[in-house]
1. Put a dot 7 Å past each Cα toward the Cβ at residue 48 and residue 76; how far apart are the dots in nm?
2. So how much slack lies between residue 60 and residue 105, counting 0.36 nm per residue of separation and subtracting their Cα-Cα distance, in nm?
3. Can you figure out the FRET efficiency of residue 169 with residue 86, using R₀ = 30 Å and their beta-carbon distance, to the nearest 0.05?
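Values in this text are rule-based calculations from the coordinates and carry no lab data. Here the structure is a predicted model, which is why all the values come from computation and not from measurement. In this analysis, Cβ positions are derived from the backbone assuming ideal geometry, glycine residues included, and neighbour counts consider all displayed protein chains.
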């Protein structure tokens, strides 16, 4: 398992990790376990709910991450990160929303840094299944759409079949997720039938992705008028 929090965080404040966590750190150093510092979004499955985490360090036997849902000592989790199989793990230490977990079995971590997996497919961040109404601005016109899934790098959307002709690969787009009016800039990277994919201009942060996932999936989003009646944005 990876060691617990450092005695001082990056701002110089005492995290109060305690003697027990220092012993864990010493154990890891004595064992000489290989680990790597990373910043990866992970999908987390608790016994009764799902959440996300930001992985800071990973080794063959465990990882350290910041969770959006408070983890419990001894809790069993399933974690999915880019390039790795589903990781079954147990929480070994907790410091606020930061925690360290032990994997049930060792894993090779090289795939985390590979651009393609063993099958030659591009390694991607975990995708989160969503069903939420959103608004989309393409070429100055607003459309109603439904968010199908989302990751840090992109999203899949669905629109009414009658609107398909207005979307094509390469178009710039602005995705607005309610409630709160969160705006995400992107480009359309593929379209099949009435579904298409967006590639975000910049990856979403843990906070932003968490905000999207925690939004009420049944929230009421104002439905824009049809294209012929839509108002353009900008000059």
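1. Result for the modelled spin labels: 1.7 nm.
2. Details: separation 45, 0.36 × 45 = 16.20 nm, distance 0.85 nm.
The residue 60-residue 105 span can extend by a further 15.3 nm.
3. Calculated transfer efficiency: 0.40.
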